[in-house]
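Since the structure comes first, as structure tokens, the remarks are kept for the end.
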């Protein structure tokens with residue numbers, strides 16, 4: 001009889017610990033708009049983290065998401081660029097079922113430098129695997145992997161890429177004066193408006209007008225064009241925030257985002273825009 005009671009006590013004591021160990025606090029999911037890219041094309045990784053526990057979790061979640069990229073030979077691609085803080089939730093609390101979603105622009109952190117005149121890096125042709133991990137201070141680590149392939153551009157995209165390299169080379173050798181450099185990029189963009197390189201071109205043009213030609217109005221015009229023509233590109237996020245802050249009402253902000261949504265479908269930026277709409281509807285959006 002004593003042995004039976006002792007057995008029951010052991011089971012009762014062990015159950016809560018086993019349950020807590022088996023229960024996950026978070027779910028994480030990574031996504032790409034596609035798995036096949038061309039050289040110098042932007043690769044934008046969507047990361048979703050969700051509290052799937054039955055309680056509010058309060059932690060410091062900064063610096064807790066880590067990303068590594070490996071080539072087809074298993075060699076790790078060196079990380080460059082900004083702090084890993086850009087990968088992680090900039091928050092201290094997850095409510096029950098609360099989701100956090102972010103788009104990480106991988107060309108800003110990994111890859112080879114193409115030119116001094118662009119901060120966007122590139123990947124050699126080949127297969128790559130992205131490994132993402134999330135390890136909060138007092139929760140179990142969760143991981144996700146996603147693969148992609150890079151090939152050389154062909155057809156019109158090969159023409160655009162070759163022309164881009166020539167424009168960068170001309171700028172490096174001082175062959176442009178005044179606004180000739182951004183004007184050369186803009187002419188290429190106008191001639192090939194459906195190129196995957198167009199968002200990068202507009203992003204560079206806007207930066208040149210702002211930082212080197214001291215023309216903020218022109219820079220803003222270009223940045224707005226980038227946002228409205230290519231709402232699927234996260235390169236337009238900075239201008240979107242500026243535009244929304246200048247608007248007088250949440251209705252005006254919602255209407256503007258609704259116009260952008262169709263053009264972002266099937267891209268990670270679609271989730272960003274949807275989340276902005278939710279925040280505006282719930283009065284949780286902050287300027």
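Scanning segment 42-76 for residues that are over 18 Å from the mean Cα position of the chain (by Cα) and outside any strand (DSSP E or B) returns 52, 53, 54, 55, 56, 59, 60, 72, 73, 74, 75.
Among the residues of segment 22-41, the ones that are surrounded by fewer than 16 Cβ atoms within 10 Å (Cβ to Cβ) and over 21 Å from residue 269 (Cα atoms) come to 3 in all.
Taken as a whole, segment 230-237 holds no residue that is modelled with pLDDT of 95 or more and farther than 26 Å from residue 200 by Cβ. The residues listed here are 247, 258; of these, the one that is within 21 Å of residue 33 (Cα to Cα), surrounded by fewer than 16 Cβ atoms within 10 Å (Cβ to Cβ) and over 19 Å from the mean Cα position of the chain (by Cα) is 258. Picking from 222, 142, 146, 132, which residue would you name as being without any contact (Cβ under 8 Å) to a residue 60 or more places away in the chain, surrounded by 15 or more Cβ atoms within 10 Å (Cβ to Cβ) and closer than 30 Å to residue 34 by Cα? When all the criteria are applied, what remains is 222. When the criteria are applied in full, residue 226 meets the requirement of being assigned to a helix (DSSP H, G or I), modelled with pLDDT of 95 or more, touching a helix residue (DSSP H, G or I) at 6+ places or on another chain (Cβ under 7 Å) and closer than 18 Å to residue 265 by Cα.
The values are calculated or read from the model by the stated rules, or taken from the named source; none is laboratory data. Bear in mind the structure is a predicted one, so any value in this text is a computation, not a measurement. Here Cβ is always computed from backbone atoms with ideal geometry, including for glycine, and neighbour counts include all displayed protein chains.
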